[in-house]
Amino acid sequence: MEPKLAQQLNAKPWAVVERSLLQEEREKLIKTIAQQAKQQITPVEEDNLWQVVSGVSSRSAGYNLELRAVWQGPRARPQEYSLSKNCQIIQVPATTNSPNTQPGQPPTFISRFECEPVRGWGIDEPIIANDSFIQ
């Protein structure tokens with residue numbers, strides 16, 4: 001999903017990106033990208049047991065976008081199983097070398113989109129920390 005999100009949110013006009021992060025627009029974007037991602041992999045019965053959710057919070061120069069894939073199927077433990085990926089979307093000045101740019105004209109801003117590695121269920125640490133097979 002990250003490459004598809006980057007296509008939609010990286011190096012785009014800042015106003016367009018901010019609009020895309022509004023709850024209703026973001027939910028449509030995430031749903032569309034999740035469907036596209038599922039079409040690129042071999043389907044399995046458990047596909048419908050995953051729910052992709054997102055949240056946005058403000059930061060000084062932009063936004064944090066949290067993506068979570070939450071397992072809704074059976075589990076051995078009561079806690080939620082999920083994978084998460086945090087992405088930062090920041091506002092940066094567009095570098096324009098256009099001859100039409102007037103001196104003293106205010107800069108236009110675009111987005112820069114970067115994500116951290118996936119964290120969560122079995123990635124950060126083994127589910128059974130003392131299992132001798134894992135060590």
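The values are calculated or read from the model by the stated rules, or taken from the named source; none is laboratory data. Keep in mind it's a predicted model, so treat the numbers as computed, not measured. Virtual Cβ from ideal backbone geometry, glycine too; neighbours counted across all protein chains shown.
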Exercise for review: Return yes when Lys31 is at negative phi and in contact with a helix residue (DSSP H, G or I) (Cβ under 8 Å, 6 or more places away or on another chain) and no when it is not.
Suggested key: no
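Name the residues in segment 59-83 that are among the hydroxyl-bearing types (Ser, Thr, Tyr) and either modelled with pLDDT of 95 or more or at positive phi (or both), would you?
Correct list: Tyr63 only.
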Review point. Restricting attention to segment 90-99, does a residue exist that is assigned to a strand (DSSP E or B) and either acidic (Asp, Glu) or touching a helix residue (DSSP H, G or I) at 6+ places or on another chain (Cβ under 7 Å) (or both)?
Key: yes
Review point. Regarding Gln36, is this residue touching a helix residue (DSSP H, G or I) at 6+ places or on another chain (Cβ under 8 Å), more than 20 Å from Ile90 (Cβ to Cβ) and of a type outside the set (Lys, Arg)?
Key: yes
